[in-house]
Each structure stands twice: as structure tokens, then as C-alpha cells.
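Before any comments, here is the structure.
The values are calculated or read from the model by the stated rules, or taken from the named source; none is laboratory data. Bear in mind that the values here come from a model prediction, so they are computed numbers and not experimental data. Counting neighbours? That spans all protein chains shown, and the Cβs are built from the backbone with ideal geometry, glycine included. Only protein heavy atoms, including side chains, enter the accessible area calculation; ligands, DNA and RNA are left aside. Shrake-Rupley method; radii C 1.70, N 1.55, O 1.52, S 1.80 Å.
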Amino acid sequence: MSWHPQYRSSKFRHVYGKAASKEKCYDCVPITRNVHDNHFCAVNPHFIAVVTECAGGGAFLVIPIHQTGKLDPHYPRVCGHKGNVLDIKWNPFNDFVIASCSEDATVKIWDIPKHLLTRNVTTPKKELLGHVRRVGLIEWHPTANNILFSSGYDYKVMIWNLDTKEDVISNPVKILDVHKDVVLSMSFNTDGSLLATACRDRKIRLIDPRAGTVLQEASYKSHRVNKVLFLGNMKKLFSTGTSRWNNRQIALWDQDDLSMPLLEEDLDGSSGLLFPFYDSDTHMLYVVGKGDGNIRYYEISPEKPYLNYLMEYRSHLPQKGIGMMPKRGLEVSACEIFRFYKLIPTKSLIEPISMIVPRRSESYQEDIYPLTTGAQPALTAQEWLNGINKGPLLVSLRPGSGAMSSSPQFFEPEPPMKTTEPSQHQAQEGKMPLEDLQKLSEVKDSRKRLKVEEKLPKNDKTCLSNGFDIFECPPPKTENELLQMFYRQQEEIRRLREVVNQRDVQIKQLELELRNICRD
């Protein structure tokens, strides 16, 4: 079985889930009792949005992420829909813009003020009118700015371009009319050039969204699919659903051949839906059960057995919906690699659950935090509609490295030297290869070191930074002197590590700037 590997090395085999303490939860939140199969929760580094129960129309709450504890019963809401809100999604490139869809067959785009809400928000920034029946799903494009996909009970998927001045948009740029029943799930590949959908007719479809054509279609009879998910750049699809005997089931598919799954596995006999989440940075897959308190997590590998079971987080409190924090909002000092926000309507509670890699060191763990997707779009809406594909702009999560803004930072050039340097001119134009750029930085560092050494007196060149000369310091004679020298050496090692880390940050920033310049 795939969850019982005999000998396998993995840095994530001991990942564990840690629920937040009571004071760090969100209490007295009137969570919706709608039976629609959606997350009902959306999270970004500034806000948590949750669909709420209300009488007449539909509404959702937007709570600042640090405002934990009990919620005021009269807290302002976002309430402009005439029917129940079915899905909400934050704009991945603007933390103050959120989209919502409803049973009133509309999609609305909302501007959330940066300060605390003082009154109900009732006027949307934009309103999208195109569906004739209720809209159940919305998804933002992963790399192009202001491109939104919506799916309704009219069996249509509509593509909207929000880069217009109109407040009411009634003409989508594209309508995908290739489904014969309600679309239950939508997922993009890494650069957003392909769309995978799961339909109520039990089929998985791989679609080219700009051409509107179906590239692959899976009609495997023994797996009734509910949710489908692209697994990053692995060229694989993951789906959850039920088997012929109504057992909850997961399946793994080859993106280029959907005739037969690579792997299918029954989990249990519960009736709740399974929500999949994939972390492309760590290649970890999380499966969250609706109606139970379990979160199973796996590690994906490119070769057999593909799916490696790691552990399961268990809780006696069942979740109705779930939200996930983007990687740029995680606490890297605690080795947190994923964070869920669990909706518990029986207690009117939202409980954060952190997935943590146990490490003793408190320093930045670069092996579990590779470059990740940033908050800047790689394309404009029109560029994507014209057929251009680009992967997401990557940033580092290291504190102090400017990771929250993925746009390249261009520093002011140094004053020109008397001797002309063509390599410096190439670096400013973004055409310089990485090796030449590193050589240039080494030359600049050596010049700075020469300047510093010229300023220092000759007697100070042999002195170390911890205050004693290695040639004049006698060897320790007592245990106390030995301890003092040991602590001095430890301090020197710590200082040198900080210097090395700063250099690593500078190198990473240069690599990111060069990569983003080459993509542009």
C-alpha cells in the first residue's frame, strides 16, 4: 500500500499539526449553515473572510487576521447579494480585493478598506452579470492580473477581464460551454494555461481556457469525482470522490493520459466531501474531510508509488469548511509550512491549525522554504488573453529579504568609474548571465574590502572582532579562562554566520532580480 513505505528518507515525515490556543482563535463567528460543498472561508496575510448566516440575502465577514478572540455580534458585514453567498476568493495580487458569488446569479468584486470596518459594505466595486442560474464557483487566474473564472448551475464557465472602467460587466471575454452538468471543481496548472474541471457527470476534463477546447476527458466508471487539483509542475492531477461502494476515494492521474488513474485508494466509509490542498514548494498534499476533524497529509514523488502517506491530524471537532493561508503569510521562525483555518459551526469558532516541521534551530530553514509564489502578477490580463504564458514570479520567505513584494527592486547605480565597464552596462539592461553578475558582485566586494583595509591601521589587521589578538593571547591556564575563550569563539562563529546569511540574502535578491528581468 502507498502509505506503508519500508525505508524512505524525507524531511517532512515528522510534520505535525498544532491547533492554536483559545485566545488565538476567532470566537462567536456566525458561520453559515448552507449545505453547498465549498470552503466558505478565504484567507490572506491581512484578513480572514468567512461566509456568515444572515436573514435575507447573503453576506460574509472580513476580519483582520490579528483580531482574534470574541467577535462583536454587531460587527460590520459585506452584504450586497440578494441570495446566499456560495464562494469567496481573495485576489492573489491584491490583499484588499475579494470576489464573491451567490445564488442570485451574480459575481461581485469588493474593495476592502485598509482600516477597520465601521459599517456594512453594500456597494461592490464591480458586478459581473452573465450567468442565468446561481453561481457556485469562482477562481482567480494564478499569474495574470484581474482575470476571474466563474462557474454556474447553467453548466457554463465564464472568463472575465476586470481591467475595464465599467462598474457592471455583462459580457465575459470567453464562455466555456463544454460541460453537460454542474461543475463541482476548477483548478489551474502553474502558469494558468490549462484548466482542470470536475463535473457532476463524473468526468474530469482538461481544458485550454483561451481556445475553449477539451484536451483530455476522463470517464473512469469506478471513481465518481468531486474535486480535482493540479499538482504543480508534476504533470499530474489529483482527485477526490467516491467509489462504486460509496467509500471516500482518492485518485492520481497522468495529465497526458486520463483514460486510467495511476493510483486509486479507498480511505473510509464516511459520507463527507474531501477537500484537497497541494503545496508545490514542499510537494505535500493535504486531504481535509468535511464533517470530520481529520487532515491527512501525503508527500508526492515523481516515480512510484507517487503518493507517500506521512501522518494524520485528528480532532474531535468536525469542520464544515476550511481556509488556507498563502505561503507569504506563514511564520517561518516556527518552521510553519502550512496553515489551515478550520470552521466549526457547532461552536461558532474558527480555529487556526499550523503544520510544523520539528526543528531545534531557531534560524531560517532554507531547505523547507524554497522560492515561492509572490504577490505580483507575471502578466497583465490582455497579455494572457493574447496567448502569452508565464510562470509565477518567485520570492524568498527569508525575513528581511523583501519577500512580500515580488517585483524586482532596482537600486540606484553607483557613480561611474573613470574606466568604462561594459559588463556593468549589461547588468543594468538585464542581459547579463548569472555567472558574470556574480563575478561583478565579487569585484565590488573586493573593492569595498580594499577600501576598508586602507582605512584601518596596520596594527588592527591581525586583531579579531571579539577583542583579542590570536598572537598575543596566551593559552588558557584555568577552567574559567577556557570557558571565557570558548564563549568568545562561539560569539565569533555566530557573528560570522550572520555575515554569511546576509551575503546569501544579497545573492538571492540578485538572482530574483535577474530572473524577473529575464522573464520581462
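For region 248-272, which residues satisfy the criterion of being open to solvent by 70 Å² or more (accessible area, probe 1.4 Å), over 17 Å from Asn233 (Cα atoms), assigned to a loop (DSSP other than H, G, I, E, B) and not polar (S, T, N, Q)?
Met260
Leu285 - would you say it is outside any loop (DSSP other than H, G, I, E, B) and open to solvent by 10 Å² or more (accessible area, probe 1.4 Å)?
On the way: outside any loop (DSSP other than H, G, I, E, B): yes; open to solvent by 10 Å² or more (accessible area, probe 1.4 Å): no.
Taking the combined requirement at face value, the residue does not satisfy it.
Go through region 210-228 residue by residue and tally those that are surrounded by fewer than 21 Cβ atoms within 10 Å (Cβ to Cβ) and closer than 26 Å to Leu385 by Cβ.
8
Any chance you could count how many residues in region 288-323 are over 30 Å from Val35 (Cβ atoms) and in a loop (DSSP other than H, G, I, E, B)?
The number of residues fulfilling the criteria is 6.
For Leu195, state whether it is crowded, with 21+ Cβ neighbours inside 10 Å and within 23 Å of Ser271 (Cβ to Cβ). Outline the logic, then answer.
Numbers: crowded, with 21+ Cβ neighbours inside 10 Å: yes; within 23 Å of Ser271 (Cβ to Cβ): no.
No, not satisfied.
Filter region 40-84 for residues that are among the polar types (S, T, N, Q) and within 28 Å of Leu273 (Cα to Cα) and give the result.
Asn44, Thr52, Asn84, listed by residue number.
Being open to solvent by less than 40 Å² (accessible area, probe 1.4 Å) and either of a type in the set (A, V, I, L, M) or in contact with an Asp or Glu (Cβ under 8 Å, 6 or more places away or on another chain) (or both) is the filter here, so list the residues in region 500-516 that pass it. Before you say what the answer is, go through the steps one by one.
At the first step, the residues of region 500-516 found to be open to solvent by less than 40 Å² (accessible area, probe 1.4 Å) are 505, 512-514, 516.
Val505, Leu512, Leu514 - these are the residues of region 500-516 that are open to solvent by less than 40 Å² (accessible area, probe 1.4 Å) and either of a type in the set (A, V, I, L, M) or in contact with an Asp or Glu (Cβ under 8 Å, 6 or more places away or on another chain) (or both).
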